[in-house]
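Right, one structure below, let's go through it.
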Amino acid sequence: MTQKLVVIGAGMASGRALEQLLDAAPDAYEVTLINAEPRGNYNRIMLSPVLSGEKTYDEIVTHDDAWYAERGVTCRFGEAVSALDRDAKTVTLAGGDTLSYDKLLFGTGSNPFMIPLPGHDLEGVIAYRDLEDTERMMALGPDNRCVVIGGGLLGLEAAAGMAARGVDVTVIHIMGHLMERQLDEAAGYLLRKALIDKGITVKCSANSKEILGENGHVKALLLDDGTELPCDLLVMAVGIRPNVQLAKDAGLAVGKGIHVDDQMITSDPDVLAVGECVEHNGAIFGLVAPLYDQAKVVAKTLLGEDATFVQKSLSTKLKVTGCDLFSAGDFADGEGREDIVFRDPARGVYKRLVLENDRVVGAVFYGDTADSNWFFGLIQSGEDISEMRDTLIFGPAYQGGAALDPMAAVAALPLDAEICGCNGVSKGDIVAAINGGATDLGAVRALTKASSSCGTCTGLVEQVLGVTLGDDFVLPAAASICGCTDLTHEDVRRMIKSRELKSMAAVWQELGWKTTCGCHVCRPALNFYLLADWPLDYLDDPQSRFINERRHANIQKDGTYSVVPRMWGGMTTPDELRAIADAAEKYNVPTVHVTGGQRIDLLGVRGEDLPAIWRDLNAAGMVSGHAYAKGLRTVKTCVGKDHCRFGTQDSTGLGIQLEKKLWGSWTPHKVKLGVSGCPRNCAEATCKDIGVICVDSGFQIGVAGAAGMDVKETERLADVTTEAEAIDMITAFMQLYRENAKYLDRPYKWVAKVGLDWVKEQVFDPETRAGLIARFELSQTIYQKDPWAEEAAKNADVYQPIADFKLEAAE
Amino acid sequence: MTGSPTDWIDIGALGDIPRRGSRVVKTAMGCVAVFRTGADEVFALENRCPHKGGPLSEGIVHGTSVTCPLHNWVFSLDSGQAQGADKGTVPTYPARIEAGRVLLDTTFLQARMAAE
């Protein structure tokens, strides 16, 4: 019989509990999920990468609308619970609705602790807990100042995230060094130095006295010693307290948190609790790993199965890019405790082990955390390390004098070694998944959950894949652009924009390229990204273009070239045809071929003759057809109502207008358009990158078609009524494609990645569309020009040999 | 015609060769590609890829390598050897720079000119 389960709070713990419950027994419960935040479950830990710009909110959502719908979960988001009646077994929402339950699960999480300083309720004083807080911080930029009170994990992630956006950030910490719960003083000092290098001001042993305001808004923080720190936003990250008011009011047993037993049941047998709101054996929780363990127990308990929650030793990693920090166990000084410390300040490396009775009880690593999992294993196993004491600090590769091999540490890990701390996934779990068919990171993540929460163990998971699969697994070098970098196209595109990199040298320098000047894979890609994002600042580099774009002609197998003059919309004149025929004869062109793009191709032209043949074609009024370019190729048309009895609009006229507007622009890959005069579609517009079907009422614009190695029909972007609207919509789409796609992705591949819905959002919004069109037109002021004319005028000698000894020998 | 092995012939100004690019020297026995790297070094190689005869002078130059424009074989400009998994060698010829001019060794050039 299906029972009713009401869940209060859609945080990470309740999300995991629902996953476990509904996967195991989809029909056991009818679930209603209530959340005061106006959204569903998301990975709160990943708010820090969202703040720094490394991820978007959409990427951190763990359960979307489809997930809830598929499992029949009723969602009440943005509604708070105002009352709980345990006798009647009902929950009342703030809006007045009352829900009844058979079982109730509390997942109310924590409230951020707000220090009750005078001025703490001014506008602009926030905590760092949810998406709204994150967005407040993201709204700041290089002209703003922010003060963060709290130099712990969360405060430092907030500071680093804002500093990455150029904000002037000061961190205030009451204790003598940062992250004193996890770090000792020496490691705290190294961390402080790294943060200062990021432009963050750090003040330790600083006590806040008062928050000063003006017109109801924060203006500065006043410290005990009289220092005033002006700021536009003040973030308090000084700790969390379990959110227990509702439980308390309902008469449940509450101490620091809601009391639960080993089965996660509260003082009421029909009410369970999970996550940061609970207190178990006197302990409360702020890291995610134990919450996931609790979630498993909740699911089993609700299904009447045996399960016990056991607290385990924990490790933490700081999610600040560039600060490699790991700590685990108990590393306080004490009687009978000994230290082993490895220190290399010039390299920023600090490692400390705390031993007690020949066992490792604590570890703190800063700067080199590669072996952290192995040491954590030693803490958890409590094994005797006296045999390896003299080489212990150097890590697993040095125990027994084995040669240094990056994979050796992972290979040496026992199967019960924990790889993913957040989700409690061991090496053995991952190996089992691999042996069961998971051969890449995505599959391992889906099957085991490893690396799906905070993400810091991703490299380690990949190493386990490498060690288990051997040569069958390629560590994702394939995902990076080329051998010159570990970064992907998406990473580099994003950083060219966000860090304002306006030259190749800037990219190589700032992003740490491994070669002096790139290679034939990355240079053309970078050249495109730079000219697309910075058309006014970046100087196009011909030496970074493929041969065809450098010579403005397609190279053939024998080293000759093909020359294709533009025929706007597939229309020509007797004079143009005569000029083409004359050029073919004059330059002894062996082959004249009509292309699918509705123009004529002269094949077999010698490289040295290119400037001359161009001059002749230019003289007849023709320009380059860009048949060789990653740019606008052709706009294929059928004759519309000018001639055809079925034509509904002037398809040829529109095609020519589009070609005249878009020609000359460089794009991530070639772009081909088509405009058909009626739905009979004689111009084959429905398999083009952008295709228009004219109809009586206007123009149907489709995008993302393909007719090469893949064949795909276009998807409808929009229906418009006028030619001007059609041209605007298409121009905006072109610019969106230019600014966002990966080099060498045709539009159909790009739209598949970003989703047509997102594309529509961008081009339908009038302001965004206008901005896209303006940027396209700006780019065209630089790039819309006939390269043949330019080359013939300025560069003709480069097409000739630098020296010709055939002539001299003849003398 | 004869000349000692250390005779050099001036084929043009360094500035006439695009940086990270190449210009071609024509002889009766085919073309020689003269490359200029990003660091302003010069190298002279047969302008013919051992794979399918592609014009190496039209390839993208990176570091001291060039990628053939036809099928992306990569060659060291210094040794003429194909890199990576491809096997093949392009003949290389002595080249140097003096006072901003590019000089090629006359011995091989004259051998090419003499053969009709």
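For the reader, a short list of remarks on this structure follows.
- Flagged links, alpha-carbon separation over 27 Å, of A:Lys209/A:Lys317; A:Lys55/A:Lys351; A:Lys806/B:Lys87; A:Lys688/A:Lys760; A:Lys502/A:Lys557; A:Lys497/A:Lys630: A:Lys209/A:Lys317; A:Lys55/A:Lys351; A:Lys806/B:Lys87; A:Lys502/A:Lys557
- Cα-projected label distance for A:Asp65 with B:Glu41, points at 7 Å along beta-carbon direction, nm: 6.1
- Relative packing of peptides A:562-574, A:767-779, A:627-639 - highest average C-beta neighbours within 10 Å first: A:627-639, A:562-574, A:767-779
- In terms of its C-alpha gyration tensor, the range A:651-719 comes out oblate, because a/c is 1.5 or above while a/b does not outweigh b/c.
- Neighbour net charge for A:Leu413 - beta-carbon separation under 12 angstrom, K R +1, D E -1: -2
- Shape call, chain A: gyration tensor on alpha carbons, a/c limit 1.5: prolate
- Summed side-chain charge close to B:Ser57 - residues other than B:Ser57 whose Cβ falls under 13 Å, Lys, Arg +1, Asp, Glu -1: +4
- The A:Asp58 and A:Val594 beta-carbon pair, evaluated with R₀ = 45 Å, returns a calculated FRET efficiency of approximately 0.45.
- Rounded to the nearest Hz, the phi-derived 3J(HN,Hα) couplings of the range A:546-562 under the Karplus curve 6.51 cos²θ - 1.76 cosθ + 1.60 (θ = phi - 60°) are 4, 3, 4, 6, 6, 9, 6, 6, 8, 6, 9, 5, 9, x, 8, 10, 10, where x marks glycine and proline.
- Taking a point 7 Å from the Cα of A:Glu490 along the Cα-to-Cβ direction, the residues of the range A:749-772 with backbone N closer than 12 Å to it are A:753-755.
- Sorting A:160-172, A:280-292, A:335-347, A:254-266 by average packing, meaning the other beta carbons within 10 Å per residue, from highest down gives A:160-172, A:254-266, A:280-292, A:335-347.
- The range A:147-223 and the range A:13-89: distance between their alpha carbon centers, rounded to Å: 32
- Size of electric dipole in the range A:738-782: Cβ of Lys, Arg +1 and of Asp, Glu -1, about Cα centre, debye, nearest 20: 280
- Efficiency of FRET between A:Glu79 and A:Arg389 - r from beta-carbon atoms, R0 41 angstrom, step 0.05: 0.10
- Potential lengthening between A:Glu214 and A:Lys198 on full extension [0.36 nm per residue; Cα-Cα distance subtracted]: 2.8 nm
- In this label model, A:Asp575 and A:Ser100 are separated by 8.8 nm, measuring between points 7 Å along each Cα→Cβ vector.
- Within 10 Å of each Cβ in A:554-560, the average number of Cβ atoms from other chains: 4
- Backbone HN-Hα couplings from phi across the range A:350-358 [Karplus 6.51/-1.76/1.60, Hz, Gly and Pro as x]: 9, 10, 9, 10, 10, 10, 8, 6, 6
- Inter-label distance, A:Lys794 to A:Ala346: 4.9 nm, where each label sits 7 Å from its Cα along the C-beta direction.
- Residues A:Leu778 and A:Met114, FRET efficiency given R0 of 41 Å [Cβ-Cβ distance, rounded to 0.05]: 0.30
- Taking amide H atoms as placed 1.01 Å from N in the peptide plane, the amide H of A:Val171 lies under 5 Å from those of A:Val148, A:Thr201, A:Val202, A:Lys203, each 5 or more residues away in sequence or on another chain.
- Lone cysteines, chain B (no partner Cβ under 4.7 Å): B:Cys31
- Each Lys or Arg adds one and each Asp or Glu takes one away; over the other residues whose Cβ falls under 13 Å from the Cβ of A:Leu122, this sums to -4.
- Under Karplus coefficients 6.51, -1.76 and 1.60, residue-wise ³J(HN,Hα) of the range A:794-803 in Hz, glycine/proline x: 9, 10, 4, 5, 5, 7, 9, x, 6, 8
- For A:Cys75, the residues whose modelled amide H falls within less than 5 Å of its own, excluding neighbours fewer than 5 places apart on the same chain, are A:Leu33.
- DSSP bridge orientation in chain A - percent antiparallel, rounded to nearest 5: 65
- Mean residue ellipticity, 222 nm, helices only, chain A: the sum of -39500 (n - 2.57) across DSSP H runs of n ≥ 4, divided by residue count and rounded to 500, is -9000 deg cm²/dmol.
- Amide H contacts under 5 Å for A:Thr62: A:Tyr42, A:Asn43, restricted to partners 5 or more places along the chain or on a different chain, H placed in the peptide plane at 1.01 Å from N.
Every read-out reported here was derived from the displayed coordinates using simple, explicitly stated rules and does not represent laboratory data. These figures come from a predicted structure and were not determined experimentally. Here the Cβ is made from the backbone with ideal geometry for all residues, glycine too, and neighbour counts use every protein chain on show.
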